[in-house]
Each structure stands twice: as C-alpha cells, then as structure tokens.
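The next block holds one structure in the form of structure tokens; read it before the comments.
The values are calculated or read from the model by the stated rules, or taken from the named source; none is laboratory data. Keep in mind it's a predicted model, so treat the numbers as computed, not measured. Please note: Cβ atoms are built from the backbone with ideal geometry, for glycine as well, and neighbour counts cover all protein chains shown.
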Amino acid sequence: MLGIFHAQGSQTAEGSPLASSYEHGLHFLVGAELAMAVTLAACMAISYGTAASTYGVSYYGVHFDTLWIIAVGFLATSYLLFRSAAAIDRDGAPAMVLLSLKVLAIGLVALLVTPYTVDTFFNWTHMIIGTTVFGVQMAVGAVLAFKVLGDRLGWIGVAIQFAGGVIAALSLPDHMLNYMLQGEIVFQVGFAILLNHLFVSTIRRHAAEPG
C-alpha cells in the first residue's frame, strides 16, 4: 500500500471528536502504507526478476536475504493498521472499514508464518489466506466506491483495485500471465486510494462541526 493522500491543511475543530479520531486514524494508515512501500522497495532493490514477478510479494518471504525485511515490514504495517482501526473504532466507523483494516493486519502476519514453499499444506493455507484477504478488500472497496463515496475518485480507486486483482488472478500458477507482484501492488494502491479518500473526506466533512 502507498501513502497517496494526506489531510494537509485540514484544521480539526476542537469540538469535533469524529474528525479528530479520523485524523489520528489517517496518520496511522499513512504510516502503514509507507511502511509497506519501503518494505517492497527494499525487497525489489535486492531481488527483482522473473521469479519475484511470478510468485508475488510472498516470494520475498521465502528467501533469507529478504525474509527479515518482509518480517519487519509486515509486522510494522500490521501494528499500524490495528492502531488506525482503534483510532476510529470508538466513533462509530463503518464496520466494513474496521473489518478490512483488521483482516489485512491479521492476514499479513498469517501470510508471513505460512511460507508456501514448506509443503502442500502450507502452500494451500497461504493461498487461502491471500484469497480471503483480497476478497474482503475487493468487497469493501466496491461498497466504498459505489455506496459510501460515490464520486469520481472512488470509482477510479476501485477500478485500479479491480485491474490489479485481475492481473494477479491471471498470474496464478498455470495461468496466462506472470505479473503477480505487479498485480498485487496495483491492487493495494487502488485500495489505499479508497481508504485514504474516505478518511480525508470524513475529516473535512466533520472538522467544522461542534462537539
């Protein structure tokens, strides 16, 4: 995920707890996105080729030269996602948003401890976890784009997310493409656009409200 938006210039009113909680949540969310972006950039700088493109981000979790980077990055991202969810939870954030943040946070750790190269069981477990996380994100992304946000930026975000999902799906073993890594990154960029847009728009909408 990439830190694409930030609520620069937004003035949170003292009497607006909802805006304040979302602003805190946005800080943690952007931190999580930056942690993941730095993690992927570091891994790709060490090893980027056909194998990484074919097997995706998971490739970096089964090689010793990048395993420690992925481990630190995933754990940091997971922690920051939980903090983001906690920041907005007390003020009645949409349940689906909280669900997506927590599922992604737990999924990152679950993917880390189920390397697909161990055996068939680990491989299937890894794929099921990844598919579940992607499915939740795609469903939440669609609802955010068409039911909650309902604007051009939301539609762009879900279109990017969907395009990344298609690329990743077509890059599964024995399929026609070998761009799993690229598809995963595009997918997460689309989801980041939707989440950050939601947080920023909520902050701006409620910043001037009295407490």
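Considering only residues that are touching a helix residue (DSSP H, G or I) at 6+ places or on another chain (Cβ under 7 Å) and surrounded by fewer than 20 Cβ atoms within 10 Å (Cβ to Cβ), look in the stretch 45-68 and name the one that is nearest to ILE129 (Cα to Cα). So that I can check it myself, show each step before the final result.
Keep residues of the stretch 45-68 that are touching a helix residue (DSSP H, G or I) at 6+ places or on another chain (Cβ under 7 Å), which gives 46-47, 51-61, 65-67.
Cutting the leftovers down to surrounded by fewer than 20 Cβ atoms within 10 Å (Cβ to Cβ) gives us 46-47, 51, 53-55, 65, 67.
Values: ILE46: 26, SER47: 24, ALA51: 21, SER53: 20, THR54: 18, TYR55: 15, ASP65: 24, LEU67: 19 Å.
It comes out as TYR55.
Being modelled with pLDDT of 95 or more and farther than 17 Å from VAL57 by Cβ is the filter; apply it to the stretch 174-197 and report the residue that is farthest from the chain's Cα centre (by Cα).
Among them, the one singled out is HIS197.
Within the stretch 13-39, which residues are aliphatic (A, V, I, L, M) and either touching a Ser or Thr at 6+ places or on another chain (Cβ under 6 Å) or crowded, with 22+ Cβ neighbours inside 10 Å (or both)? Write out each step before concluding.
Filtering the stretch 13-39 down to residues aliphatic (A, V, I, L, M) leaves 13, 18-19, 26, 29-30, 32, 34-38.
Across the stretch 13-39, the qualifying residues are ALA19, LEU26, LEU29, VAL30, ALA32, ALA35, MET36.
Where residues in the stretch 69-90 are crowded, with 16+ Cβ neighbours inside 10 Å and charged (D, E, K, R), which of them is modelled with the highest pLDDT?
The qualifying residue modelled with the highest pLDDT is ARG83.
For the stretch 62-95, which positions are β-branched (Val, Ile, Thr) and either in contact (Cβ under 8 Å) with a residue 60 or more places away in the chain or assigned to a helix (DSSP H, G or I) (or both)? Please lay out each step first, then the result.
In the first step, residues of the stretch 62-95 are kept if they are β-branched (Val, Ile, Thr); the result is 62, 66, 69-70, 72, 77, 88.
Listed by number, the residues that qualify are THR66, ILE69, ILE70, VAL72, THR77, ILE88.
Regarding the stretch 187-209, can at least one residue be identified that is over 22 Å from ILE88 (Cα atoms) and either among the acidic types (Asp, Glu) or assigned to a helix (DSSP H, G or I) (or both)? Show your work before the answer.
Of all residues in the stretch 187-209, those over 22 Å from ILE88 (Cα atoms) come to 187.
Within this subset, residues satisfying the condition of being either among the acidic types (Asp, Glu) or assigned to a helix (DSSP H, G or I) (or both) are 187.
Looking through the stretch 187-209, at least one residue is over 22 Å from ILE88 (Cα atoms) and either among the acidic types (Asp, Glu) or assigned to a helix (DSSP H, G or I) (or both).
Which one of these is modelled with pLDDT of 95 or more and not in a helix (DSSP H, G or I): THR125, THR114?
Numbers: THR125 fails: not in a helix (DSSP H, G or I).
So the residue among THR125, THR114 that is modelled with pLDDT of 95 or more and not in a helix (DSSP H, G or I) is THR114.
Looking at VAL148 and the list (1) assigned to a helix (DSSP H, G or I); (2) farther than 25 Å from ILE88 by Cβ; (3) modelled with pLDDT under 95, which single condition is not satisfied?
Going through (1) assigned to a helix (DSSP H, G or I); (2) farther than 25 Å from ILE88 by Cβ; (3) modelled with pLDDT under 95 one by one, VAL148 breaks only (2).
Being part of a helix (DSSP H, G or I) and farther than 26 Å from VAL62 by Cβ narrows it down to one residue among GLY164, GLY141; which is it?
On the way: GLY164 fails: farther than 26 Å from VAL62 by Cβ.
Exactly one residue qualifies, and that residue is GLY141.
Determine which member of the set VAL136, VAL140, VAL109, VAL189 is crowded, with 21+ Cβ neighbours inside 10 Å and in contact (Cβ under 8 Å) with a residue 12 or more places away in the chain.
Values: VAL136 fails: crowded, with 21+ Cβ neighbours inside 10 Å; VAL109 fails: crowded, with 21+ Cβ neighbours inside 10 Å; VAL189 fails: crowded, with 21+ Cβ neighbours inside 10 Å.
Exactly one residue qualifies, and that residue is VAL140.
Got at least one residue in the stretch 113-127 being touching a Leu at 6+ places or on another chain (Cβ under 7 Å), surrounded by 19 or more Cβ atoms within 10 Å (Cβ to Cβ) and farther than 25 Å from GLY25 by Cα?
Filtering the stretch 113-127 for residues touching a Leu at 6+ places or on another chain (Cβ under 7 Å) gives 126.
Add one more test, that the residue is surrounded by 19 or more Cβ atoms within 10 Å (Cβ to Cβ), and what stays is 126.
Imposing the further condition that a residue be farther than 25 Å from GLY25 by Cα reduces the set to 126.
Looking through the stretch 113-127, at least one residue is touching a Leu at 6+ places or on another chain (Cβ under 7 Å), surrounded by 19 or more Cβ atoms within 10 Å (Cβ to Cβ) and farther than 25 Å from GLY25 by Cα.
Only one of these is more than 14 Å from SER100 (Cβ to Cβ), buried (at least 19 other Cβ atoms within 10 Å of the Cβ) and modelled with pLDDT under 95: SER201, SER171. Name it.
Details: SER201 fails: buried (at least 19 other Cβ atoms within 10 Å of the Cβ).
Residue meeting the stated conditions: SER171.
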